[in-house]
Amino acid sequence: MKRAGNLYPDICDINNIKIAYWKARRGKKLKRDVLLFRMNEEKNLCRLRDGLVNGTVLIGQYSYFRITDPKERTICAASFTERILHHAVMNVCEPVFERFQIYHSYACRHGKGQHKAILKAFNFARCSRFFLKIDIRKYFDSIDHDILLKKLERLFKDRKVLGLFERIISLYITCPGKGVPIGNLTSQYFANFYLSFLDHYVKEKLKVKKYIRYMDDMVFLSDSKAHLKEVCGAIQDFLHDYLRLDIHEPVLNNTGQGIPFLGFSIKPSGIYLLRKSKKRYIRRLHEYYGMYASGLLDEAELANCLQSVTQHTMIARSRSFRYTAIQRVCPRALTGCYGAVAGPATPRTAVRPIGTTTRRRTTTTSASGSPVAGKPAFPPKADRTQPLSPL
């Protein structure tokens, strides 16, 4: 693939920096650091542009905090000025990263996302007997700086852009020469790009047809269990030898047992919530209702919060679970909100097993009034204005 060059002037362009500023402040206009930046907006934007042009822009000003949901992680929050820088860089460089991605990579890409990855896995599961699930052990903390920078040189030839990437990457270390910060916009693109070489190896060398990747979660599907065992060994060797990554214990099983992928159990019969996802959902409901009971949220805000946490689960066959959970956690006074929060009926992810058909029994009557099999039955002419009842 042809390398991209002469990108740094576009990154430093004041119009690009303004677009990056609007993206960085979206949904955060009342945050303290955003309000401070807006007090001298034009001056701060010009200072950021001058720092980029002169190579003196400050990078690596992180604040750290821990989260435990869904698992314990250390999050690095960059300063607001640095977040603008990250958006300015990716406004220009994102199309270059996008050109190297395969179709079935679903993380950090426009028009993709978790739900599309889940639906594609469901479609593959309907016509496959076995699956192989692989994920990387401590992925963001294990990315090798030297390998990442060498891989970036295969996409970019602009030395200033590569120098900026090197500064961003080298200022965060979990162990010598490894790690990218969780929480940075640039880290998401670097991490997704790092494993794109595995994508090409799987598709071009191993010739695996049914393959899906969402960041470091990978699913392989096939009708041959022996073939998936061979693929697993080849993947482990490639990751260890070329990318210096280790994997968790792989999962190889029948698709009927359910593919554990992105918090869902994906079966040929439908998409279901995993038990841990149900517990997480109920825990969130308790958190939001606790805020409502203490007066931090009014009823409308509570309904919005419940709807936001519910939206991700609507792809699964879980409407009755959602409705029951909301009724148990929230007071009876919020009954009017239940329909909007619980959502419409579950999408038609449950399908008839492949290879089976159903035949509709139809009869009509002859001139003598006796039924004749095999011909479609219609209502009498006078009754055709009446809607047909559903099957």
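A dipole drawn for segment 70-168 from +1 and -1 charges on Cβ atoms has a positive end, and of ILE168, PHE100, PHE140 the residue lying farthest that way is PHE100. Scalar couplings 3J(HN,Hα) for segment 204-212, obtained by applying the Karplus form with A = 6.51, B = -1.76, C = 1.60 to θ = phi - 60°, are 9, 9, 7, 6, 7, 7, 9, 9, 9 Hz; x denotes Gly and Pro. Note on ASP13 and SER170: the model spin-label points, each 7 Å out from Cα along the C-beta direction, lie 2.9 nm apart.
Using a 7 Å offset from Cα along Cα-Cβ at LYS225, what residues in segment 107-141 end up with backbone N under 15 Å from the label point? Residues passing the 15 Å test: 129-133. For segment 54-173, the dipole from Cβ point charges (+1 on Lys and Arg, -1 on Asp and Glu) about the Cα centre works out to 560 debye, to the nearest 20. Around the amide H of PHE264, modelled in the peptide plane, lie the amide H atoms of LEU274, all under 5 Å away and 5 or more residues distant in sequence or on another chain.
Over segment 58-187, the pair-distance histogram of Cα-Cα distances with 10 Å bins from zero comes to 10, 33, 37, 16, 4, 0 percent, rounded to whole numbers. The residues of segment 122-237 expose, per residue, 42 Å² of accessible area to a 1.4 Å probe. Under 26 Å of direct C-alpha separation, and excluding same-chain neighbours fewer than eight residues apart, LYS276 reaches these lysines: LYS71, LYS112, LYS116, LYS120, LYS133, LYS138, LYS267. For segment 97-138, the calculated P(r) over all alpha carbon pairs, in 10 Å bins from 0 to the bin holding the longest distance, is 22, 46, 30, 2 percent. Leaving ligands, DNA and RNA out of it, report the carbon-plus-sulfur percent of the accessible area of segment 37-147 at a 1.4 Å probe. Percent of accessible area from carbon and sulfur atoms in segment 37-147: 50.
Accessible surface of segment 197-274, 1.4 Å probe: 46 percent of it comes from carbon and sulfur atoms. Loop-located GluC sites (Glu not before Pro) in segment 53-113 (DSSP state not H, G, I, E or B) with no more than 10 neighbouring Cβ atoms inside 10 Å: GLU72.
The trypsin sites (Lys or Arg not before Pro) of segment 137-187 that meet both conditions, a loop assignment by DSSP and at most 13 other Cβ atoms within 10 Å of the site Cβ, are ARG137, ARG154. If the label point is 7 Å along Cα→Cβ of ARG137, which residues in segment 201-223 have backbone nitrogen under 18 Å from it? Within reach of a label on ARG137: 216-218. The lysines within cross-link reach of LYS18, meaning a Cα-to-Cα straight distance under 17 Å and a gap of 8 or more places when in the same chain, are LYS28, LYS29, LYS43. Taking θ as phi - 60° and the Karplus parameters 6.51, -1.76 and 1.60, the scalar couplings of segment 35-45 work out to 4, 5, 5, 6, 5, 10, 4, 4, 5, 5, 5 Hz in sequence order, x denoting glycine and proline.
For segment 15-23, backbone phi angles converted through the Karplus equation (6.51, -1.76, 1.60; θ = phi - 60°) give residue-by-residue couplings of 5, 5, 5, 5, 4, 4, 5, 5, 5 Hz, Gly and Pro being listed as x. For segment 262-327, the per residue solvent-accessible surface stands at 53 Å², with DNA, RNA and ligands left out and a 1.4 Å probe.
The values are calculated or read from the model by the stated rules, or taken from the named source; none is laboratory data. Note that the structure is predicted; figures quoted are calculated from it, not measured. Note that we place each Cβ from the backbone using ideal geometry, even for glycine, and neighbour counts take in every protein chain shown. Ligands, DNA and RNA are excluded from the accessible area calculation, which covers all protein heavy atoms including side chains. Shrake-Rupley method; radii C 1.70, N 1.55, O 1.52, S 1.80 Å.
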